[in-house]
Structure formats: structure tokens, C-alpha cells
1. So Asp243 passes all but one of these: (1) free of Cβ contacts under 8 Å to residues at least 60 places away in the same chain; (2) under 22 Å from Gly191 (Cα atoms). Which condition number does it fail?
2. Given the criteria at pLDDT 95 or above and more than 22 Å from Ala137 (Cβ to Cβ), does Pro241 qualify?
3. Does Val95 satisfy being among the aliphatic types (A, V, I, L, M), closer than 28 Å to Thr212 by Cα, touching an Asp or Glu at 6+ places or on another chain (Cβ under 6 Å) and assigned by TED's automatic domain parsing to the domain that holds Ala202?
4. Under 16 Å from the mean Cα position of the chain (by Cα) and more than 12 Å from the ligand (Cβ to nearest atom), is that true of Gln151?
5. Quick one: would you say Gln122 is surrounded by fewer than 21 Cβ atoms within 10 Å (Cβ to Cβ) and within 16 Å of the ligand (Cβ to nearest atom)?
6. Taking the options Ala293, Ala259, name whichever one is surrounded by fewer than 15 Cβ atoms within 10 Å (Cβ to Cβ) and assigned by TED's automatic domain parsing to the domain that holds His239.
7. Looking for something buried (at least 21 other Cβ atoms within 10 Å of the Cβ), under 20 Å from Thr145 (Cβ atoms) and of a type in the set (Phe, Trp, Tyr) - is there at least one such residue anywhere in region 99-110?
8. Which one of Val252, Val286, Val261, Val276 is more than 25 Å from the chain's Cα centre (by Cα) and either within 14 Å of the ligand (Cβ to nearest atom) or acidic (Asp, Glu) (or both)?
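The values are calculated or read from the model by the stated rules, or taken from the named source; none is laboratory data. These figures come from a predicted structure and were not determined experimentally. A quick note on method: Cβ atoms are made from the backbone with ideal geometry, for glycine too, and the neighbour counts reach across all protein chains shown.
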Amino acid sequence: MTTLVFDPPRRGKPPRHLADLDVAERRAAVAALGLPPYRADQLSRHYFGSLRRRAEQMTDLPADVRDALADGLLPPLVEAERSLDCDNGATRKTVWRLYDGTLVESVLMRYPDRTTVCVSSQAGCGMACPFCATGQAGLTRNLSTAEIVEQVVAAARDVATGVLGDGPPRLGNVVFMGMGEPLANYDAVLGAVRRIVDPSPAGLGLAQRHVTVSTVGLVPAIERLSGEGLQVTLAVSLHAPDDELRDTLVPVNTRWKVAEVLDAAWRYADVTGRRVSIEYALIRDVNDQADRAHALGALLRGRLTHVNLIPLNPTTGSPWTASDPRDERAFVRILRSYGVSTTVRDTRGREIDAACGQLATRATTGPISANEP
Ligand code: SAH
């Protein structure tokens, strides 16, 4: 029986960064540096509005102010270790080295009409889903709010500078579908969501509906998210309509069953008016049978929901593969016959191990940091 890990190992904390703080906290932090609070707003405009990273670029600030702000509020948190492109340059995976040597990954995808970045919320993951490469690695640690926001800001910068070629000029969508279970790192993820959707210069000003938080189904955290007054999209990784199979595919199901997870999802839909996404990785001969499609259709019929079927992406050491295309088509047809809106997700980034479930950078840690407890 797999052990579920909710509490990551204790480690030092990443240094404080502008993106960890709300507007009032930024002003207080700037005042504590001996500077007038309006400097916090100027810095926010540079960072969130103009996507500037380095103090040297903030030429309207006197040099000594710049240095004080950079030292106090813009510590380097994520450094690109390497980037890999595929899909004719429309998909880019970046491996980030964090302040303590931990590695995480994010994936930027350009479509004709939109751009999406898939970010990591934890280094590794404690949820142990057997078909997911990240799940096999176990959990190294939670990311801080700013470590998450920095992945988004870097993506926004890449989009603005045309790194992925011709496409929309601005980053439009953020999905918390990289490494980790976002709702197991609730406070940091919520802070990141607020920085992403707060209007500039408090944040990046993305539309709330264009932010998706994906979860294995941590029911109390879904309930909490329902009460945040946000309009972000909730995605629930279901992968099986029955508890017997889901217990094995999503081990946290032994704690919160299919019915409880879906109840929480429907409450989220009620409170927010938002359609909940149901994610279902189609695994050949494991969860792709017609009777399971019928069972899923019956569970979802009449609900405010959309099903994303994900052809299983291969991961090292796993015996499982994607469904036969005929079974996939039948699964779609059956779900639609229940009136359930259903699409099959494209498999971006497969050749560079950037597709759903393939993010598995060995989450190594570097030298023990000075602020280790
Ligand atoms: N922990 C969150 C985010 C994980 S990644 C969650 O579980 O929702 C986003 C989606 O990719 C999840 O639905 C996850 O189950 C799915 N996934 C994981 N491994 C996969 C694989 N090998 N092939 C296809 N989808 C996979």
C-alpha cells in the first residue's frame, strides 16, 4: 500500500520575493528598507506590468534605490537550467533550478488563438498516482508563491518577446498541471493565483477564468477553494468512475471516494457558476471499457461539467499505454450520448517528456542553504 505524503520534508524557505507579497505587504517591506512606500508600486509596475526582472532595467529609479529594492525584494528564485522545444517550436519545456538546487519544470504552449503555461506547484508530488512520472518521484518540497509566480512571469516574458514564434502577443492561460498537487500546497498556490489574476500592477491581470487549478480530489481543500470568491476553473483528475479502480489509479481515493469528490466539485460549480473539468487519462484495457464510459456518463449527466480525455502519455517503467483509437472514439461517443460535453486533449510535448504526467526531473537538492532550520 502506498503511503500518501501530505507534509513535505522540512527545509529552509526560499528568500522573500516581491511576488510573495500583496500590495500592502509590499509597501511595508519597502518602508522597512527605508524607502517611501510608493517605490513598492513602481517596482510592481516594472515586475508585473513590464515583466522586468533585473533592477538595471528599471532606469527611472535612482541607482541606490534600485539596488536596495533588488537586494530586498527581487532575489533570483528560478534560473533556467535548460529549455527544450518541440511541436515545430510551439511547445517549450523549461527546467528551473531553484535557490536550493531543486529542479522543477514548466511547459509553455502556443496555439493559433491562445498561449498557455503549465506550472509546477511542488517539486515532485506525494500523491503517488502510478501512471504519472511525477508521482513516482515522491515529494521533495512545496514551492513558495513567488517560485510559482516566477514560472508564470518567465512565460509571459517569453510570449511577449516572441520566443515561440508568431502567435498571440500575451500569455493568456495558466494551468496548475505541472509537477505537484496544487491543493496540497494550498496557501502558496492561492497566493500565486491572486498574483496571477490581480489587475496590474498588483498582479499580472490574467482573466480568472483562464486559470485552472487541477487536483486529485482533496475534498476539504476543494471546499475551501469554493469560498475564496474566485472564478478560476477547477479540474478534477477522476480517471475512474468506480472506487475499486480509482483506489488503485489515484491512491488518495482511499481517503475521499468518487462520490465525495464529485459532490465537492458540484458544490464548486454551484458556488462559482463555473463548469468543472473532469480529467480522465485513457489507459488501454485499464479504464477505457464501454461499461466504464456508461458509468461515467451516468455520474456526470446533467452536471455543469466538461470531460477532458487524455490519451495516456508513456512514462518510463510503466507497463501502461494509451487506448486503442477505436476504444477512445467509443468512449467519447458514449459520454456524449449522456449529454456530457467531452473532448480529447492533444498530446503536446511528448518527444521532450513535457506532456501530462511526464514531468519527472530528478528533484535533486543542492547545497544545504544558510537558513536551513
Ligand atoms: N496533481 C494534479 C495536477 C497533475 S497533472 C492532478 O492530479 O490533477 C495534470 C493531469 O495529468 C492530471 O489529471 C494527471 O492525472 C494527468 N496525468 C498524469 N500522468 C499522466 C500520464 N502519464 N498521461 C496522461 N495524463 C496524465
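1. Here Asp243 clears every test but (2).
2. Yes, satisfied.
3. So Val95 fits the description; yes.
4. So Gln151 passes the test.
5. No, not satisfied.
6. None of the other options fit; the residue is Ala259.
7. no
8. Val286
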